[in-house]
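The values are calculated or read from the model by the stated rules, or taken from the named source; none is laboratory data. This is a predicted model, so every value here is computed, not measured. Please note: Cβ atoms are built from the backbone with ideal geometry, for glycine as well, and neighbour counts cover all protein chains shown.
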Amino acid sequence: MKILITGASRHGSTREIADAIAEELRTTGLAADVRDAASVTSLDGYDAVFIGSAIYMGGWMPEARHLIDRCETPLRERAVWLFSSGPLGNDDPQPAGEPAQIAEILQRTNARQHQVFAGKLDRDALGFGERMIARMVHAPDGDFRDWDAIRDWARQIAKALNAMSPTPAIDL
């Protein structure tokens, strides 16, 4: 079984989550490729797909939404999981709740699940406009990603994927 993990990441934080998911899947014997959402033009050769996006201004990035536009039919023919990265903070990450349009994205992809992970904010990596917005909304600086939760989620899905995978025939 071959899996594609793809996402849209402005500063690399969501890409690092995709890399961690791929690493976890590989430890269970699954083949996993990680690619930026903007570079995906076909899902040929993939049995399952993870699509992730950083949350900006309350919703998914255009690169992830455009991937769904390009590949909607093939996505509906595969096992699909979605993840978002973006709420900030330790005790009560904000903004709370689901990103805008996620219900539509779930329906269009026939995804099995959507998971929200806390994100990372490094003000030094932000452009001027992004720093202004972060200041206006009082966004906390720091890395709030819960790597154990990310890996646990990936392991649960790997177990499901391995159960779906056909068992090779044994010649006697």
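A compact table of results
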item	result
Residue that is modelled with the highest pLDDT, among those in region 157-172 that are loosely packed, with under 13 Cβ neighbours inside 10 Å and within 14 Å of Trp81 (Cβ to Cβ)	Lys159
Of all residues making up region 1-29, the number that are within 10 Å of Ala154 (Cα to Cα) and among the acidic types (Asp, Glu)	2
Members of region 138-156 that are modelled with pLDDT under 90 and either surrounded by 10 or more Cβ atoms within 10 Å (Cβ to Cβ) or of a type in the set (Gly, Ala, Ser) (or both)	Ala139, Pro140, Asp141, Gly142, Asp143, Phe144, Arg145, Asp146
Selection within region 56-66 - surrounded by fewer than 17 Cβ atoms within 10 Å (Cβ to Cβ) and either in a helix (DSSP H, G or I) or at negative phi (or both)	Tyr56, Pro62, His66
Asp69 vs. criteria loosely packed, with under 14 Cβ neighbours inside 10 Å and either among the basic types (Lys, Arg) or modelled with pLDDT of 90 or more (or both)	yes
